[in-house]
């Protein structure tokens, strides 16, 4: 008898959680991703800030799943789904292959959103992939190099201004670590400019940074950032990005590097499926993550808009994707076994954390809040624990230790670009 | 009084050796490089083979020289030298800056040479920079992915054929480590193809691989490679590269990946200086490394054709560049102090080594020859010792240990490319 075929698109946190739930079942699993690696996105900003190497937070999907003999991996891009005929179209180089499924899980994540100003992307890149991170690293490092060579004080000031748009966890973490890079790691290495005078701005449109955290933690984070020399602008709207920098309200601010951390847009899964999406492009899924009219098609993670059984919206973070993936896995198992559906999905919030430089962090566990150095250590332990792969854990710890003890950033390479 | 200004172009082994010799003198030193990092080229093939991360063998030049207060670093590209007016033109982005000098040292290295067939470069990339290495890594890994997805047995066979052109140390080291990657590291990770059946070919035009080593070591190297499953073709000339692969003699061989390790061409320093070059484009320098007619202009390393006081040709390897740089440094010091010139340059050969996979190496010290496992360990110790930067040494050891114990390659990322 042919085993049921489960096709999972996307090898992020959500997709891999489905694999974990199903790999012991009598099913054939195909994992399709357009990249060959699973990415530990929570630490991606450390690649952009020249602390970690890409390979330390990315592991080949094939290597992760090598031991699971009912799982095969395809490197290719899905652009079309036929839910009637039950297959997906996968682009592999110049060729297209059709992959049939009995159950389909779309876990294709999100990209940056520029709120209708897509031309800002080239001026203010966002941070979602390894290539994004190395591109931002290049930009920051090259700005210092250009400033060192310049004789024009105004241009130097512009080049030494880095603006991060968006004060969520990614923006806060970027701002803190870039401030440390400029103010400590690079300070002794230039002869003409003074990197410690770098202006690092964090621009948040809403009244406070870390808006999803309790108010006192937002305040603590803003204070810690200011101690690191970051200009924290709250309630400040970016109305334009241009060659010279950004416009806040109607004031032009000259900035050599602009980094976008202000919002995301789901992958176009809703369009592939021909179903309704919310404003952020997320598929409005049913309580069991399936889509209306198709019980065998599920959407999870950042691509799905979901409210759990208690009425809580599931946030677009790693644990949301993982829990969604586990739930979908359980459901498929139950259906295959002819058992009743599992209990309705309830999102369990393990806690939210954001780090601010090498000394401080904020953590919100609901029943407890933490800030300062202890929260930082906790953040470190949690992130190391969840890093996939033994080698990566050791390498990351080593890099952290080295950068902690020496203030140095070892991964300051400018690559893939003309000088 | 204005201090004499020493301009060094190129922050490779040669350029940095000049800095080391001069940094305590009452001089101003400017180091110009078009990349922001010094590269430990002897281990570059391990980046291409997914063992090491780029940052482990590359260190920012600025960071290396940060403590030397008479040294400044410029990121820019030199394309013109005026030896009459004593200045170099440096391209910095879209701008050009003129840098004056009292003494000039050109240590600008070499690129691959395709013997008049420059269009082969796109088909058969060579290995000189970090970007070269990640591009080759992408190609190899993508070939396996494409093969896994293909239904055409002939195409699969082509994709699973990797040809390395040139049997010098780089070619031998590439062939060994690629064979291990395919035959061991990847063997369990694919479902349809069998990576252990990958055909790895090493094609050498002269009668033996490692032609610069004693004959018995060439033989030992070829044997070790064959044990690893490499097809070693000696006396086999590549007459064409094309979309399908390579032509050996007049026989077309289908290959999905072709890597060029067959020859180098010096940087165009001879053209900048308007002096004579040999066939490989190297400047014919005087015994003291200066150029005819200009006592204050020196060329060292892979860009120079030099014969030492005993009539030995100085080889284009790291130790040749380092010893040339030291000699030039000593000479400049002597001239500045009004002392007689140092003793004529004598090249001291510390020994040549090449590694073949994880188990074997050959080493030639002149007074002693070694091969096998002991030579491998010695190779490892020597390379770790000379790696610049404490962090890099530890990280490299860790990666080697991990890849040695587990057979795995952790740095198998496909980045910067469309699927």
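The values are calculated or read from the model by the stated rules, or taken from the named source; none is laboratory data. Everything numeric here is computed off the predicted structure, so don't read it as measured data. As a convention, Cβ positions derive from the backbone with ideal geometry for all residues, glycine included, and neighbour counts pool all protein chains shown.
In table form, for the structure just shown:
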read-out: Residues satisfying the stated conditions in segment A:83-95, i.e. part of a strand (DSSP E or B) and surrounded by 15 or more Cβ atoms within 10 Å (Cβ to Cβ); value: A:87, A:88, A:89, A:90, A:91, A:92
read-out: Candidates B:321, B:341, B:354, filtered to the one that is exposed (fewer than 15 other Cβ atoms within 10 Å of the Cβ) and at pLDDT 90 or above; value: B:341
read-out: Unmet requirement for residue A:109, which otherwise passes all of (1) surrounded by fewer than 22 Cβ atoms within 10 Å (Cβ to Cβ); (2) farther than 23 Å from residue B:96 by Cβ; value: (1)
read-out: Test: residue in segment B:166-183 that is within 14 Å of chain A (Cβ to nearest Cβ) and either part of a helix (DSSP H, G or I) or modelled with pLDDT of 95 or more (or both); value: yes
read-out: Criterion violated by residue A:197 - all others in (1) out of contact with any helix residue (DSSP H, G or I) (no Cβ under 8 Å at 6 or more places or on another chain); (2) surrounded by fewer than 19 Cβ atoms within 10 Å (Cβ to Cβ); (3) within 14 Å of chain B (Cβ to nearest Cβ) satisfied; value: (3)
read-out: Wholly enclosed helices (runs of 4 or more DSSP H) of segment B:1-74 bearing at least 1 residues within 30 Å of residue B:143 (Cβ to Cβ); value: B:44-48
read-out: Test: residue in segment B:318-333 that is more than 24 Å from residue B:266 (Cβ to Cβ), in contact with a helix residue (DSSP H, G or I) (Cβ under 9 Å, 6 or more places away or on another chain) and either outside the structural domain of residue B:287 (by TED's automatic domain parsing) or touching a residue at least 60 places away in the same chain (Cβ under 8 Å) (or both); value: yes
read-out: Residue A:233 assigned by TED's automatic domain parsing to the domain that holds residue A:182, within 25 Å of residue A:376 (Cβ to Cβ) and touching a helix residue (DSSP H, G or I) at 6+ places or on another chain (Cβ under 8 Å); value: no
read-out: Conditions (1) in contact with a helix residue (DSSP H, G or I) (Cβ under 7 Å, 6 or more places away or on another chain); (2) more than 23 Å from residue B:354 (Cα to Cα); (3) in contact (Cβ under 8 Å) with a residue 12 or more places away in the chain; number of the one not met by residue B:189; value: (3)
read-out: Condition broken by residue A:98, with the remaining ones in (1) within 14 Å of another protein chain (Cβ to nearest Cβ); (2) surrounded by fewer than 16 Cβ atoms within 10 Å (Cβ to Cβ); (3) assigned to a loop (DSSP other than H, G, I, E, B) satisfied; value: (3)
read-out: Residue list for segment A:342-369, filter: farther than 16 Å from residue A:173 by Cβ and either assigned to a strand (DSSP E or B) or in the same structural domain as residue A:176 (by TED's automatic domain parsing) (or both); value: A:369
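One line per residue, one yes/no per condition, for (1) out of contact with any helix residue (DSSP H, G or I) (no Cβ under 7 Å at 6 or more places or on another chain); (2) crowded, with 24+ Cβ neighbours inside 10 Å; (3) free of Cβ contacts under 8 Å to residues at least 60 places away in the same chain:
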{"residue": "B:3", "(1), (2), (3)": "yes, no, no"}
{"residue": "B:13", "(1), (2), (3)": "no, yes, no"}
{"residue": "B:18", "(1), (2), (3)": "no, yes, no"}
{"residue": "B:31", "(1), (2), (3)": "no, yes, yes"}
{"residue": "B:36", "(1), (2), (3)": "no, yes, yes"}
{"residue": "B:50", "(1), (2), (3)": "no, yes, no"}
{"residue": "B:57", "(1), (2), (3)": "no, yes, no"}
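For every residue, the table says whether it meets (1) closer than 30 Å to residue A:66 by Cβ; (2) more than 9 Å from chain A (Cβ to nearest Cβ); (3) at pLDDT 75 or above.
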| residue | (1), (2), (3) |
| --- | --- |
| B:378 | no, yes, yes |
| B:384 | yes, yes, yes |
| B:388 | no, yes, no |
| B:394 | yes, no, no |
| B:398 | yes, no, no |
| B:404 | yes, yes, no |
| B:408 | yes, no, no |
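Per-residue answers, yes or no, for (1) part of a loop (DSSP other than H, G, I, E, B); (2) touching a residue at least 12 places away in the same chain (Cβ under 8 Å); (3) in contact with a strand residue (DSSP E or B) (Cβ under 8 Å, 6 or more places away or on another chain):
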position: B:205; (1), (2), (3): yes, yes, yes
position: B:209; (1), (2), (3): yes, yes, yes
position: B:232; (1), (2), (3): no, yes, yes
position: B:235; (1), (2), (3): yes, yes, no
